Amino acid sequence: MFNTNRPLVMYNSMSFEFSSLNFTHPMGLKLAKSTLDVEPKRANSFLYFDLFDGDKIQGQGIKKLVVAGLKPYQDEAINAFAAQYEARRDAFKEALS
């Protein structure tokens, strides 16, 4: 579990591969899969996604994130962190309305 008192998620890299750059529709993006490779104190997260032109896949991408400061899972701490995040997210959405 990441440290809920001091979460540290760092962007590492991103790459794209396109079969064509001739888009006739606005580009769409959809998560294809995600992985999390956990080591004792850190983890590497990979987000794989497809890039679309309408319904046709025109390319793929991958984004790598590093999660540092991992510690043993604590249900109460992660639930409190998630609740706080959701409250902030909802307040932000409300402010936009």
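The values are calculated or read from the model by the stated rules, or taken from the named source; none is laboratory data. No experiment lies behind these values; they were computed from the predicted model shown. Because the Cβ atoms are built from the backbone with ideal geometry, glycine has one as well, and the counts that use them run over all protein chains shown. Heavy atoms of the whole protein, side chains included, go into the accessibility calculation; ligands, DNA and RNA do not. Shrake-Rupley method; radii C 1.70, N 1.55, O 1.52, S 1.80 Å.
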Helical mean residue ellipticity (222 nm; -39500 (n - 2.57) per DSSP H run of 4+; nearest 500) of the chain: -8000 deg cm²/dmol
Dipole moment magnitude, nearest 20 debye, the chain about Cα centre, only Lys, Arg, Asp, Glu C-beta charged: 300
Proportion of all alpha-carbon pairs of the chain beyond 16 Å (%): 68
What is the angle, in °, between the Cα long axis of helix 75-96 and the longest principal axis of the Cα atoms in the chain? Nearest 10 is fine, range 0 to 90. 50
Ignoring ligands, DNA and RNA, what accessible area per residue does the stretch 1-93 give at 1.4 Å, in Å²? 74
Among Ala87, Leu36, Tyr48, which residue has its Cα furthest toward the positive end of the charge dipole of the chain, with +1 on Lys/Arg Cβ and -1 on Asp/Glu Cβ? Leu36
Lys63 paired with Tyr11, simple spin-label distance in nm, labels 7 Å along Cα-to-beta-carbon: 0.8
Hey, any idea what % of the chain's accessible area is carbon plus sulfur with a 1.4 Å probe? 55
